[in-house]
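Chemist: I have a structure here, written as structure tokens, and I will follow up with some questions on it.
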Amino acid sequence: MNGINFPDPSVIRIGNEWWAFSTMSHYNGKRVHVPMAYTGDFSTWTSFGEQDALPNLPSWVNPDAPAVWAPDVVHLAPGRFIMYFSAALKTSPQTHCLGIASASTVTGPYTPIGTAPWACPTAQGGAIDPAGYYDPSDNTRWVVYKIDGNSIGHGGSCGNTVQPIVSTPIMLQQVSVDNGFTKIGLPTVLIVNDPADGPYVEAPSLTRMPDGTYVLYYSSNCYVTPLYDVSYATSKNIRGPYKKYGGLIQTGTYGLTAPGGLNMAINGNHSVFHANWNGGRAMFTALISGQGSQLQVWVKSS
């Protein structure tokens, strides 16, 4: 896509075609809440430009500066798609919460579900970076997301390197296998930010390898610094415990700077992520394979 700004991308595969979605941006001066792109070969991508997958926002979102971030789309069944996203609260614009929307086609338009956020832990800083996951081993659905603790941090890099450090756990919530949003039980903490992670861990994406190992991809360190990366952790149980293995794609990998926000097509090996490019954050693709904790990566620009 010639390096256009397409941050926090997510990807969905339907047959032999892929669609990608990104954080809010502007095209020809028009605000687009959820930009889209398409490819038939996972190599040459075409931007949808001004076409917005989520043209109408729910009533709880701040209309003046909605800051719609990191949308993720899941195919529930033929003619049924759900989008998870985060956006700024109307009543507290510095806080993000999670929303859901549905559509009959992958490109939408998506219609918000409900009049309240799907998850909104305001006392902990809110929530961002939702990503859906389907586990074929037991026919269950899940959503992973980040508690946005650094939004109430005490300063420093990305607001959270001055003591006391605020926790930014990655959470796992089971949901209805049918509708993708009705919660089942309470969320589980998968990983938390350690000193080596800088101000936070964020941008989770979950998959299951052919050998049954669950891989949790995430980003650590501040996104505006070259330390930002794609890291991963593994577990034999979807609820954990997860063991961190550190950076998988880092500054210098394939000549990239500040790569992060990797999203894996559900139970596949095709993924998308962003890295700094021409003053913005362009989308790149990666094929990831391996077993257990041993992963291999092949990166390509979009």
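FYI, it's all coordinate maths here, none of it is from the lab. Bear in mind the structure is a predicted one, so any value in this text is a computation, not a measurement. All Cβ positions, glycine included, derive from the backbone under ideal geometry; neighbour counts span all protein chains shown.
Chemist: Hey, any idea what Rg/Rh is for segment 10-300, computing Rh the Kirkwood way over Cα pairs?
Modeler: Rg/Rh: 0.93.
Chemist: Treating only the Cβ of Lys, Arg, Asp and Glu as charged (+1, +1, -1, -1), what charge dipole size does segment 10-300 show about its Cα centre? Round to the nearest 20 debye.
Modeler: Approximately 140 debye in magnitude.
Chemist: From the residues Asn56, Gly79, Phe181, which one has its Cα farthest along the dipole of segment 10-300 in the positive direction, the dipole being from +1 and -1 charges on Cβ of Lys/Arg and Asp/Glu about the Cα centre?
Modeler: Of the candidates, Phe181 comes out farthest on the positive side.
Chemist: For segment 150-163, just list the computed ³J(HN,Hα) in residue order, Karplus coefficients 6.51, -1.76 and 1.60, θ = phi - 60°, integers in Hz, with x standing in for Gly and Pro.
Modeler: Ordered by residue, 3J(HN,Hα) equals 5, 5, 10, x, 10, x, x, 4, 6, x, 8, 10, 9, 5 Hz.
Chemist: Among all the lysines, which ones have a C-alpha under 19 Å from Lys183's C-alpha, if same-chain residues fewer than 8 places away are not counted?
Modeler: Lys146
Chemist: So what J values fall out for segment 226-239 if you push phi through Karplus, 6.51 cos²θ - 1.76 cosθ + 1.60 with θ = phi - 60°, rounded to Hz, Gly and Pro as x?
Modeler: x, 6, 4, 8, 10, 10, 8, 9, 10, 7, 8, 10, 4, 8
Chemist: Follow-up question, since we're still on this one. Skipping prolines and chain starts, which residues have an amide H placed within reach, meaning under 5 Å, of the one on Thr140, given they are 5 or more residues away or on another chain?
Modeler: Excluding prolines and chain starts, which carry no amide H, the hits are Asp135.
Chemist: Output ³J(HN,Hα) for segment 8-23: one whole-Hz value per residue in order, computed from phi by the Karplus curve 6.51 cos²θ - 1.76 cosθ + 1.60 with θ = phi - 60°, and x for Gly and Pro.
Modeler: 6, x, 10, 9, 10, 10, 10, x, 10, 10, 10, 10, 10, 10, 9, 4
Chemist: Something else now. In whole Å, what is the distance between the alpha-carbon centres of segment 195-264 and segment 161-193?
Modeler: 16
Chemist: Can you list residues whose amide H is under 5 Å from Ser86's amide H, if they're 5+ apart or on another chain and H is modeled 1.01 Å from N?
Modeler: Placed amide hydrogens put Trp69, Gly99, Asp129 under 5 Å from Ser86.
Chemist: Connecting C-alpha atoms closer than 10 Å in a GNM of the chain, tell me which of Asn28, Asn267, Asn278 has the biggest fluctuation.
Modeler: Highest fluctuation of the listed residues: Asn28.
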